[in-house]
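Shown next, in structure tokens, is the structure this report addresses.
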Amino acid sequence: MKEREATPLEGRFVDVKGIRTHYFEAGRGAPVVLVHGLGVSLVVWRENIGALSQSFRVVAVDLPGHGDTDKPPTRYSLKLGLEWLMGFLEALGLERATLVGNSIGGLLCMKMALEHPERVSRLVLVSTVGLGRELNFFVRLTSVPLLGELLEQPTSIRRTDVLLTSVFYDRRFAEDGLKRDIFRTRALPGTKSAMLATVRSGVNILGLHQDLVLLRALEKLRVPALILWGANDGIIPVEHAYRGAKAIPKARLHVFDRCGHWPMMEKAEEFNQVVTEFLQDG
């Protein structure tokens with residue numbers, strides 16, 4: 001497997017409700033906003049931005065407390081994330097956009113579509129949080145005070161290696177260039193505190209907080225939705241994909257064989273094709 005470039009995507013910055021927010025933009029057309037998951041950055045979309053930007057205006061963004069976005073000392077709740085995402089869309093002048101979210105990014109995008117459907121044209125959920133309580137045991141352990149601080153050592157390249165080998169089915173994707181990209185932002189001041197605060201706002205040792213399981217609310221979702229999942233996801237069970245497809249009216253479901261938690265990287269070509277076809281349909 002050819003190693004990817006180690007240089008991180010260099011983007012722009014915009015002030016969103018006092019948070020200096022880092023994002024990367026490419027292409028023209030209908031806007032598509034890419035929202036990553038816990039403990040990483042917009043670099044997880046680097047296999048998708050080029051392909052999707054051939055047809056759309058693609059905006060990949062670093063969440064508060066992640067990547068090169070500011071990491072203020074605060075409670076990183078879903079409410080804060082929703083206010084920030086609304087502010088980000090306003091800052092970029094996006095009245096409506098397709099939201100593509102992975103993991104906790106998917107939870108945030110789902111909540112946006114439920115509370116502000118007028119701002120969301122379509123919804124793509126990639127191995128998303130919010131369709132059940134079950135989560136990877138290590139994620140649950142990091143919610144425990146003191147134990148989380150001990151386990152989560154973002155300044156250790158070995159910890160980054162553990163992260164990557166847990167999200168891929170094919171361990172060859174956890175190559176050195178990607179490790180360096182993710183290690184760089186995970187080692188930034190404030191990242192560890194922000195990451196633990198994010199976990200603890202919605203997770204305990206038993207799993208996701210029940211009030212963040214959105215299955216019942218999703219029965220009323222009227223935004224066109226596509227659910228994408230790796231059949232071998234070791235972070236969030238693939239069973240959640242089928243629950244979501246059953247709950248969301250007329251949702252489309254695509255499960256990638258021999259694939260983990262990041263199908264946008266591990267099955268990039270197939271992922272880009274499926275997403276493009278969904279966004280261009282009708």
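What follows draws every value from the coordinates through simple rules; no lab data is involved. Just so it is clear, the model here is predicted, and its values are computed rather than measured. Methodologically, a virtual Cβ is constructed for each residue, glycine included, from the backbone with ideal geometry; neighbour enumeration extends over all protein chains shown.
The table that follows gives values for the structure above.
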| item | result |
| --- | --- |
| Three-way shape call for region 129-200 based on the alpha-carbon gyration tensor, with the a/c threshold at 1.5 | oblate |
| Residues K220, K17, K267, sorted so that the one with the fewest Cβ neighbours within 10 Å comes first | K220, K17, K267 |
| Rounded to whole Hz, the Karplus (6.51, -1.76, 1.60) HN-Hα couplings of region 261-268, x for glycine and proline | 7, 10, x, 5, 9, 6, 10, 4 |
| Cα-based reach from K79 at 30 Å (exclusive), listing lysines while leaving out same-chain residues under 8 positions away | K17, K71, K111, K192, K220, K246, K250 |
| Relative contact order of the chain, pairs being alpha-carbon contacts under 8 Å that are 6 or more residues apart, as % | 21 |
| Helix-only CD estimate at 222 nm, as mean residue ellipticity for the chain, using -39500 (n - 2.57) per DSSP H run (n ≥ 4) | -10000 deg cm²/dmol |
| Residue order, fewest to most surrounding Cβ atoms within 10 angstrom, among W262, W84, W45 | W84, W45, W262 |
| Cα-projected label distance for I157 with L206, points at 7 Å along beta-carbon direction, nm | 4.2 |
| Rough spin-label spacing in nm, given labels placed 7 Å along Cα→Cβ, for L253 and Q54 | 3.0 |
| Shape category assigned to region 44-156 from the gyration tensor of Cα positions, a/c cut at 1.5 | prolate |
| Residue order, fewest to most surrounding Cβ atoms within 10 angstrom, among E152, E239, E95 | E95, E239, E152 |
